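J.: Before we start, here is the structure in question, set down as structure tokens.
Just so you know, all these numbers are worked out from the coordinates, no wet-lab data involved. None of the values given here were measured: they were computed from a predicted structure. Glycine gets a Cβ as well: all are built from the backbone with ideal geometry, and neighbour counts include every protein chain shown.
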Amino acid sequence: MLKQLQVRNFRSLSDATFEPRAIELIIGPNGSGKTALCKVMQFVGLCGTKVFDMAARACFGESCVANEKFYYEPTHISLSGDLTVSDEEECQFEYELCFRKQKPEWPPKQYEIDRVSERLTLSGCEYGSGLVVLEARGAETLYLNEEHYRIGAKRPYDLVHTGSCGSGVRNRPRGKVYGACDLFARYLGQWRYFWFEPSRFTRNMDGNDQYALMPDGTNLRCMLKRLYLEEQSTMNRFLTGALGRSGDPESPSRLAAIGYGLMFATEPQSLVIIEEPENGLHVSLYKEVMRLAEEAADRGVQVIFTSHSPYFIDLFDGRLDAITLCAPSENGSRIEKADPEWLKTVLRKFDLGEAYFHGLMRRPATKGVVN
């Protein structure tokens, strides 16, 4: 599970820290950095399988992720959290990635974003208090050879020329002796980002992409058809409820997309981001979305929502430590955890969603705002 994300020079995030819980809510006005925060997680997940340029284009449609004020300056991303090794073992990871967009030159390069440095450290289990399993500068990468490590070699690393256009996690050599990198790569490969658009639910893609639910909801019809044929009773468990309670014809499809994204597009030890699940969804179904998120969390899936809806925000009145606040500022988006003690004070007078509507989610500088 992701415990902390730190990022510098990524779109509007000049310097931000994010510490999500098992189920986290990100709130703030438009242009405050909610989507940028979600996109940095989508980008990191894609970097496990794509070169930096392709990951950037998948996120933004262009090969750049840096803030426009610091276009050619390095972008730094660091992650820390827990990885499940087996049913009984868990280790901790720290991952750092630095890359930058290259200035134009002639002849132009095939790829515009180059890695500056990268480092993956695991601790716990057989890795002790901390063991570097991947370290890179530029195009050269050192990988821990676990076979050499177990026999006590003085320098149990293999130097590999991986190039600088992608991460060492993506370009890792395959084989049992590099199992630590494989473990982390599988984890990143399970990160999912969705911003469902109802008009896309009836569209299907060709090729390999037809077997996955796309971020915008494309392929939903194909996925539900396969699910109906393979696991009909499971699908009906959440879809029937939507049809029975909502008078909005779009709501069942929206709930089906959210339910599929949480229950079937993920595996244990996944991370799922769903932007504004309330869009196109009847208000009576918000609790169903939270129920599905709680079921996913029980399976080890980490769930992150963004929202503008006071009614959806109300559902987090029992999770006050799982709310992240975003706000625009002169130096980029400001990201911070909500203060649970302050919110408890606010809840004496307002519902949580009403407090958001009135701009009371952040502790004010002066006292006496809420009596």
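J.: From the phi of every residue in segment 332-343, what ³J(HN,Hα) in whole Hz does the Karplus formula 6.51 cos²θ - 1.76 cosθ + 1.60 yield, where θ is phi - 60° and glycine or proline is x?
T.: Values per residue, Gly and Pro as x: x, 5, 9, 10, 7, 6, 5, 8, x, 5, 5, 5 Hz.
J.: Based on the alpha carbons, how large is the Rg to Rh ratio for the chain when Rh follows Kirkwood? The partial results should precede the final answer.
T.: Values: Rg = 21.7 Å, Rh = 22.1 Å.
Checking Rg against Rh, the ratio lands at 0.99.
J.: Separate question: What order do you get for 104-110, 35-41, 180-186, 84-90 when each peptide is scored by the mean count of other beta carbon atoms within 10 Å, highest first? Write out the running numbers ahead of the final one.
T.: Numbers: 104-110: 8.0, 35-41: 23.0, 180-186: 19.4, 84-90: 11.0.
The peptides rank, most packed first, as 35-41, 180-186, 84-90, 104-110.
J.: Rule-of-thumb check for segment 83-189: C-alpha Rg over 2.2 N^0.38 Å?
T.: Values: Rg = 15.2 Å, N = 107, 2.2 N^0.38 = 13.0 Å.
Cα Rg divided by the expected 2.2 N^0.38 Å: 1.17.
J.: So, one more: What are the lysines whose alpha-carbon lies under 27 Å from the alpha-carbon of K344, with same-chain residues fewer than 8 places away excluded?
T.: Answer for K344, where 27 Å is the Cα cut-off: K3, K34, K287, K367, listed by chain and number.
J.: What residues have an amide H closer than 5 Å to that of I26, excluding those fewer than 5 places away on the same chain, when H is modeled at 1.01 Å from N in the peptide plane?
T.: Those qualifying (amide H under 5 Å, at least 5 residues apart or on another chain) are F305, T306, S307, T324.
J.: Working out 0.36 nm times the residue gap between Y311 and K3, then minus their Cα-Cα distance, what length gain in nm do you get to one decimal? Write down the numbers at each step before the final one.
T.: Values: separation 308, 0.36 × 308 = 110.88 nm, distance 2.68 nm.
Full extension from Y311 to K3 adds 108.2 nm.
J.: Express in nm, to one decimal, how much length is gained between V132 and E89 on full extension, taking 0.36 nm for each residue of separation and deducting their alpha carbon distance.
T.: Values: separation 43, 0.36 × 43 = 15.48 nm, distance 1.88 nm.
Answer, rounded to one decimal: 13.6 nm.
J.: Segment 25-67 to segment 262-341: how many Å between their Cα centroids?
T.: Value for the Cα centre distance between the two parts: 18 Å.
J.: Now a separate question. In bins 5 Å wide, starting from 0, what share of all Cα pairs of segment 1-55 does each bin hold, as a percent?
T.: 4, 17, 26, 27, 18, 7, 1
J.: Taking amide hydrogens as modeled 1.01 Å from N in the peptide plane, which residues meet the under 5 Å criterion relative to S333, leaving out close sequence neighbours?
T.: For S333, whose amide H was placed from the backbone, the distant partners under 5 Å are L13, S14.
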